[in-house]
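Notes follow once the structure below has been shown.
The values are calculated or read from the model by the stated rules, or taken from the named source; none is laboratory data. Because the structure is a prediction, the values reported are computed rather than measured. Glycine also receives a Cβ, built like all others from the backbone with ideal geometry; neighbour counts cover every protein chain displayed. Accessible surface areas use protein heavy atoms only, side chains included; no ligands, DNA or RNA. Shrake-Rupley method; radii C 1.70, N 1.55, O 1.52, S 1.80 Å.
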Amino acid sequence: MPPGLPYFAGRRRELDGLRADIDRPGLEALRGRVPAGCRVLLVAGRPGSGRTTLAVRLAREVAERYPDGRFFLRLTDSDGERLPDGQAARAMLRAMGAAPEPGAGPEKLRAALRSAFAARRAVLVLDDVAHPEQLLALLPDGPGNLVIATSGGPLPGVPDVRPCTVGGLDSAASIDLLTHLVGAIRITNDPRAAEALAGQCAGDPTALRLMGAWLAAHPRLAVADALHRLRAVLDVTAVERPDRPVRSAGGGTGEPRSGASAPLARAFMAVYEALPQTAARLLRLLVLAPAGLADAQIASALAGCSVDAARGALEDLAACGLLEREPGTATLPHLYRVPGCLAPLLRALVETRDRPAEVALARARMLERTVRLLHACRLGLAPDQSDEVPRPLRFASRAAAAEWLRARLPALLAAARSAVADGELDTLARRLVAALVRALAADPECGDTTAERYQLHCLVLDVAERRGLPRERAAALINLGDLEAESARPAEALEHYRAALVAAREGFDGDAEGRALEAIAGTYLELDDPQRASDWFGRALALRQTRGELVHEARLRGRLGALHIYAGRYGSALKEWRAVVAAHRRLQDLPAQARALSEVARVQEYAGHPEDSLRTCRDALYWARQAGERRLEGAVLLRMADTLDRLGDPAGARLQRAAADHLLQTDD
């Protein structure tokens, strides 16, 4: 549920009616049938009419009847666009503590959601429903749950929905709200001006809150001054331009869901025009913030000012009722949100008062700051001594970095979607997606973030396919295959790896081709098909050899050697591991050379040649000592001891084990 609610004025009749509707028998019951679905209530009204406040207030009042939780989900994004069904279902599953399956389609997500709600008695608030299909996709099956939806109008097609339409507050409730915001003294001193102000706002709760907050921020002004200011705002055409029309439920083009009422637009402009120029510019640019959420860091990047200046401006804007404040914690700063009913007004102002180049620059600064914050978060979660983080971006502790990542995850995912929304994969978009993936992977306590990482790679894949970028397509497909393999779905992983191989060859990307070949081999190994795995490892090896990549060649020969050992082909295994030794000798990697020699000794022992194994162990011991690898030296000594036991030399074996124990203990 939203952490805070504005003062609740009036609406008692609507609230009582909604509570009574919960227990009224539905159409199924009237027909003598047992209700199969949950009870659905609808609060319909214009943006800013208080429909969300009423819905959440109802959910809190009936919470004791639904002990398994209260959940809140907005079904439109910060741009007023309909949230995709899959994204909404994933968000709800994550809120319930259930990790959605990566790559799952809408039907699987719906099934998972219904399963999660099946044994619950919960209340679910679905805010700003754009289309009946959105609501139907999220409805729990069981009759023990309650769904409260808010929308701009009716939702035909939803079975047995109980509607409640909200308009403006009556005069008494309007005065009550103003009194709460401004104080009883100023309202009592000029009751006629208060009544006139409520009339000018037409009972619109958001318009009343804006004017009340403006008066509260100017304690020396009278209510009549606010009334005079509101009446002076005559020309609001710049903010009353409707958004692009949306399809109504009946299929026609109706009034935009996000279109503000004239009283709300006038109240907004009355408060907005009184702002200092820098604060007004910051407020306009906040509509660019991902998911409509911003803190001082993001606000400072958008406005190009200091973090302290942005923090003060955000507090002032929240005090004026222009922003909603979401409480932070001791380690997590406040978040601020542009109210949904004000967002279209601010977007219209951005179009008319800010040059496109300035908007693009502000957006680039914001995304760049997000990348740097993600980098700092990853280093806070998994410190890297070779990298430095500027002090203003540094997290105080690992717990602070983890808390920031979990709280900001919806906004970070929205930032990634925004970065690639124009269909490009520029450097900034690539860095942002990569930084978010690395940060999620660095926090094992964040829960299963496989689905989120899967979404990020799907974003890149979608753009790469639309723009005809085979290299980017190959990289995205490999990453998706890795996530499928991580989720124990080898068949799906194999499909992605094969598609990645085709894309890599189209883009003449040898490195991606090698990765895809090796991944296919590893997947066949996971599917318990060593013969095919060996074949694909051989193809990957041939490619790396033609490219002269010794490191990859050594690793692949080691994989082939391990497969030959598994199949009992010790001669072939010995050949591969000796080639690994030669590759590491050329690379002058002494520890790797010693490890490879130890593997050669193991194969010789399996093949029934303990004397050869002992000689090879002595060579491995020499190179381990040259490399200064004490633990590796101890491991080789233990292997030598086992070999000496087989050769009938227990005294020599005891000496080697004692030496190994001494090395390993002193190393610890």
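Values computed for the structure shown
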| read-out | value |
| --- | --- |
| List E472, E358, E484, ordered by accessible area with a 1.4 Å probe, largest first | E358, E472, E484 |
| Average Cα contact separation per residue, the stretch 493-606, under 8 Å, 6 or more apart, as relative contact order % | 16 percent |
| Inter-probe distance in nm under a simple model that places probes 7 Å from Cα toward Cβ, at E315 and L587 | 5.6 nm |
| DSSP loop trypsin sites (Lys or Arg not before Pro) with at most 14 other Cβ within 10 Å excluded, longest remaining stretch of the chain | 34-219 |
| Charge dipole magnitude, Cβ of K and R +1, D and E -1 - the stretch 299-441, Cα centre, debye nearest 20 | 260 debye |
| Accessible area, probe 1.4 Å, largest first, for residues E81, E133, E526 | E526, E133, E81 |
| Net charge contributed by nearby residues that have their C-beta within less than 13 Å of R19 (K/R +1, D/E -1) | +3 |
| Normalised alpha carbon radius of gyration of the stretch 475-594 [divisor 2.2 N^0.38 Å] | 1.08 |
| Potential extension, R630-S397 segment - 0.36 nm per residue separation minus Cα distance | 80.5 nm |
| Environment charge of L409, counting only residues whose C-beta is closer than 9 Å and scoring Lys/Arg +1, Asp/Glu -1 | +2 |
| Solvent-accessible area per residue for the chain (1.4 angstrom probe, square angstrom) | 46 Å² |
| Loop-located chymotrypsin sites (Phe, Trp or Tyr not before Pro) in the stretch 492-581 whose Cβ has at most 10 other Cβ within 10 Å (DSSP) | F508 |
| Extended-chain gain in nm, criterion 0.36 nm per residue less alpha-carbon gap, K575 and A262 | 104.4 nm |
| FRET efficiency estimate (nearest 0.05) - Cβ-Cβ, A488 to D462, R0 25 angstrom | 0.50 |
| Bridge type composition, the chain - antiparallel percent by DSSP, nearest 5 | 25 percent |
| Fraction of accessible area attributable to carbon and sulfur, the chain (%, probe 1.4 Å) | 51 percent |
| Using alpha-carbon coordinates, inclination of helix 470-486 to the longest axis of the chain, degrees | 80 degrees |
| Label assignment, Rg/Rh (Cα atoms, Kirkwood Rh) derived from the structure, set (1) 1.10; (2) 0.96; (3) 1.05 | (1) |
| Inter-label distance for Q545 and L136, nm, one decimal - labels placed 7 Å from Cα along Cα-to-Cβ | 6.0 nm |
| Net charge contributed by nearby residues that have their C-beta within less than 11 Å of R539 (K/R +1, D/E -1) | -1 |
| Computed E for E81/A360 - FRET, C-beta separation, R0 22 angstrom, nearest 0.05 | 0.65 |
| By accessible area with a 1.4 Å probe, ligands and nucleic acids excluded, highest first: order of T165, T179 | T165, T179 |
| Extension gain from L15 to E526, taking 0.36 nm per residue of separation minus the Cα-Cα distance | 178.2 nm |
| R325-T352 pseudo-label distance in nm [points 7 Å out on the Cα-to-Cβ vector] | 3.0 nm |
